[in-house]
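See below for the structure under consideration.
The values are calculated or read from the model by the stated rules, or taken from the named source; none is laboratory data. These figures come from a predicted structure and were not determined experimentally. Here the Cβ positions follow ideal geometry from the backbone for every residue, glycine too, while neighbour counts run over all protein chains shown.
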Amino acid sequence: MNVAQQLIGSHLVEGELQPGTEIAIRIDQTLTQDATGTMVMLELEAMELDRVRTELSAQYVDHNLLQADFRNADDHLFLRSACQRFGLWYSKPGNGVSHPVHMQRFGAPGRTLLGSDSHTCAAGSLGMLAIGAGGLEVAMAMAGEPFYLVMPEIWGVRLTGALPDWVSAKDVILEMLRRHDVKGGLGRIVEYHGPGLASLSAMDRHVIANMGAELGATTTVFPSDDEVRRFLASEGRKHDWSEILPDPGATYDVDEEIDLSELEPLIATPSSPGNVVPVREVAGADIYQSVIGSSANPGLRDFAIAAVIVDGKQTHDRVSFDVNPTSRQTLETLDAEGYLLKLITAGARIHQAGCMGCIGMGQAPATNQISLRTFPRNFPGRSGTKEDQVYLCSPETAAASALTGVITDPRELDMPYPRYSPPATNHVNTEMLVAPTADGGDVELVKGPNIASLPDLDQFPETLTGPVLLKVGDNISTDEILPAGAQVLPFRSNIPAISRFAFWQIDDTYHDRALECRERGGHLVVGGDNYGQGSSREHAAIAPRYLGLHAVIAKRFARIHAQNLVNFGVLPLIFVDPAEYDRVDQDDELSIPDVVDQLRADHHISVENRTKQRTFACTHRLSPRQVELVVAGSLISFLRNRVQRES
């Protein structure tokens, strides 16, 4: 077996390791963050759960850190009380981004981790099976239920050679995106192996595993080898290490090879992580901003390299040079090792440990001005500026460009490449991690005025009829379906309020038109390829559902969003003939007679276009279990019905 098969096999509770079939696995740990965690806690409350039933569950406050009014602060207190009530670890605001903190403090080889954040896959760097999912599925795992997924293909990527000077881990995953774009990993787990691993630290692997989400992959897996042992030892956690290597002669469903020594500095141009070119091809363009940090480049090394590059110099007077430490521990170590002063003296703006601009929480760039970021995503408007020009790059490219004021290939700097060796031990600080209480039965959930209970969702109609209220193109992200950012995310625990922003960046009339249509029975949306890529936030499914969305017909769906739609009773249908997409227009009236009977009987669904007076074929990829979730109107309703039957 390869590593991915070993991890899945050791946790398998239903199904077989046959790609394309539904399986269920046992979940050891869960991760929630504040942008999605408030919904998870409300879902636990709705399920009347007493205590979580995982080995470990942790709640991080890392996204919504700007307290412009009461809403984010109220949610922080709500999350703290929920952790006490249900038995989770609580990471205080300012302690850092969930993924690197979880890796530093809780990640362990051989464990499964399910997180309500698409970049949960970063923990694959430690030899974990770490998967991002919608909040409701994470809530179910916290309640002791297995996690269902379609068994992916295992994509083995053999690494050889070693990275040349001025090329780092970010360039490895950008090379994968250059080759395969944002859809290349759909239905696959990426497993890295080979002699090239020896030159990649655990945090280097985190960079690569993190942005496996941008490939559309189910997750990314690395072996647990001597480097993982060294990392855990540096965190005072050597006892958590165990070796997990591919068996001799292990094979993969798909094979690929990357010679690390042949890579050069790469950059993703606006507005997709898949638009990757060599830095030298876009060098010389003026920039306004350069940001270092985020879960995609969270290691001490990423900040230290930048600090040495700018040491003794001053950044360009047009450039905002922003530094987002990714954990309080990393910030303390940067200070102790002398790197922080180098950054400050060079003009860096030091922000609190958190996601910040990566989720559009501040740090918005100027209109139509280039912002270089070591972030994982550059979807349109995600930065908080609608007309943004965000590029994704390595810390080396970001620091070099901050000095020159233009996009700069770091190999062109007149200096030797900085050599970095990690300290033998890090400044371990666990004081901002609050352990679960022994008993939370008497804890009252602290709910501010912006926290609303989950809305009731009606059962799926026997016959589905409604207009195509919106037609969108390929690669529509969840950021475009339901934006993040400082204006929107404070409403994350109030579905009626946040629904006002549904499809806001695409069509700001959608909300009002959907409300009108809801009174007449609901509507449909038509999408292109890879519909719903990006963030795992289930608000992108709940808000349109609240507004009356019953079905999305697309050429293909991103994995997490498709499951989120199912979890909230929205039917994801796929055009049998992709050319039919061009024959359906916005405002066409569609009808699916006896849709429930069709779903239960077959994977082929007949759709009538009453406006065009023609019929076309769709299919679905739902298991019988998923069909019943849709029919029930939501996963919560499905479980409630099951409990009633069993009682």
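Tabulated results
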read-out	value
Selected residue (only one of P449, P436, P496, P490 is outside the structural domain of N95 (by TED's automatic domain parsing), under 27 Å from the mean Cα position of the chain (by Cα) and surrounded by fewer than 13 Cβ atoms within 10 Å (Cβ to Cβ))	P496
Segments classed as strands (runs of 3 or more DSSP E), wholly inside segment 579-647, with at least 1 members that are of a type in the set (S, T, N, Q), at pLDDT 95 or above and touching a Cys at 6+ places or on another chain (Cβ under 6 Å)	none
Residue match in segment 553-561 (condition: part of a helix (DSSP H, G or I) and more than 22 Å from the chain's Cα centre (by Cα))	no
Those residues of segment 77-101 which are surrounded by fewer than 22 Cβ atoms within 10 Å (Cβ to Cβ) and in contact with a Phe, Trp or Tyr (Cβ under 7 Å, 6 or more places away or on another chain), in sequence order	R80
Residue ranges of helices (runs of 4 or more DSSP H) in segment 263-361 with at least 3 members at pLDDT below 95	328-336
Cβ-Cβ under 9 Å pairs, at least 6 apart or on other chains, segment 216-231 side free of Cβ contacts under 8 Å to residues at least 12 places away in the same chain, far side in a helix (DSSP H, G or I) and not β-branched (V, I, T)	D226/A198
Residue check for R537: assigned to a helix (DSSP H, G or I), buried (at least 21 other Cβ atoms within 10 Å of the Cβ), out of contact with any His (no Cβ under 8 Å at 6 or more places or on another chain) and not aliphatic (A, V, I, L, M)	no
Test for D588: is it of a type in the set (D, E) and either closer than 25 Å to A452 by Cα or buried (at least 19 other Cβ atoms within 10 Å of the Cβ) (or both)	no
Residue within segment 47-68 that is at positive phi and modelled with pLDDT under 95 present	yes
Scope segment 457-511; condition under 21 Å from S535 (Cβ atoms) and of a type in the set (G, A, S); matching residues	G473, S477, A484, G485, A486, S493, A497, S499, A502
Single unsatisfied condition, S371 versus (1) farther than 21 Å from S91 by Cβ; (2) surrounded by fewer than 18 Cβ atoms within 10 Å (Cβ to Cβ); (3) among the polar types (S, T, N, Q)	(2)
Among the residues listed as L129, L174, L114, L163, the single one being more than 30 Å from V566 (Cβ to Cβ) and buried (at least 24 other Cβ atoms within 10 Å of the Cβ)	L174
Contacts under 8 angstrom Cβ, first residue in segment 554-582 being more than 15 Å from V472 (Cβ to Cβ), partner surrounded by fewer than 20 Cβ atoms within 10 Å (Cβ to Cβ) and among the small types (G, A, S), 6 or more apart	R559/G187; G569/A632; G569/S637; V576/A617; D577/A617; E580/A617
Candidate set from segment 209-232 (those that are within 15 Å of H193 (Cβ to Cβ) and out of contact with any Gly (no Cβ under 9 Å at 6 or more places or on another chain)); member that is surrounded by the most Cβ atoms within 10 Å (Cβ to Cβ)	E227
Criterion: among the hydroxyl-bearing types (S, T, Y) and crowded, with 24+ Cβ neighbours inside 10 Å - qualifying residue of T30, T54, T21	T30
Residues (among the hydrophobic types (A, V, I, L, M, F, W, C) and at positive phi) located in segment 319-356	M356
Members of segment 233-247 found to be surrounded by fewer than 17 Cβ atoms within 10 Å (Cβ to Cβ) and within 16 Å of L7 (Cα to Cα), listed by number	S242, E243, L245, D247
Residue match in segment 63-76 (condition: buried (at least 24 other Cβ atoms within 10 Å of the Cβ) and among the small types (G, A, S))	no
Number of positions in segment 379-401 that are closer than 18 Å to V172 by Cβ and not β-branched (V, I, T)	7
Hits in segment 177-206 - residues which are touching a strand residue (DSSP E or B) at 6+ places or on another chain (Cβ under 7 Å), surrounded by fewer than 22 Cβ atoms within 10 Å (Cβ to Cβ) and closer than 19 Å to R559 by Cα	G187
Count - residues of segment 286-319 that are hydroxyl-bearing (S, T, Y), touching a helix residue (DSSP H, G or I) at 6+ places or on another chain (Cβ under 9 Å) and surrounded by fewer than 23 Cβ atoms within 10 Å (Cβ to Cβ)	1
Condition broken by S81, with the remaining ones in (1) assigned to a strand (DSSP E or B); (2) out of contact with any strand residue (DSSP E or B) (no Cβ under 9 Å at 6 or more places or on another chain); (3) not hydrophobic (A, V, I, L, M, F, W, C) satisfied	(1)
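Residue-by-condition table, conditions (1) under 24 Å from A108 (Cα atoms); (2) within 24 Å of the chain's Cα centre (by Cα); (3) in a strand (DSSP E or B):
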position: Q18; (1), (2), (3): no, no, no
position: A24; (1), (2), (3): yes, yes, yes
position: T30; (1), (2), (3): yes, yes, yes
position: A35; (1), (2), (3): no, yes, no
position: E48; (1), (2), (3): no, no, no
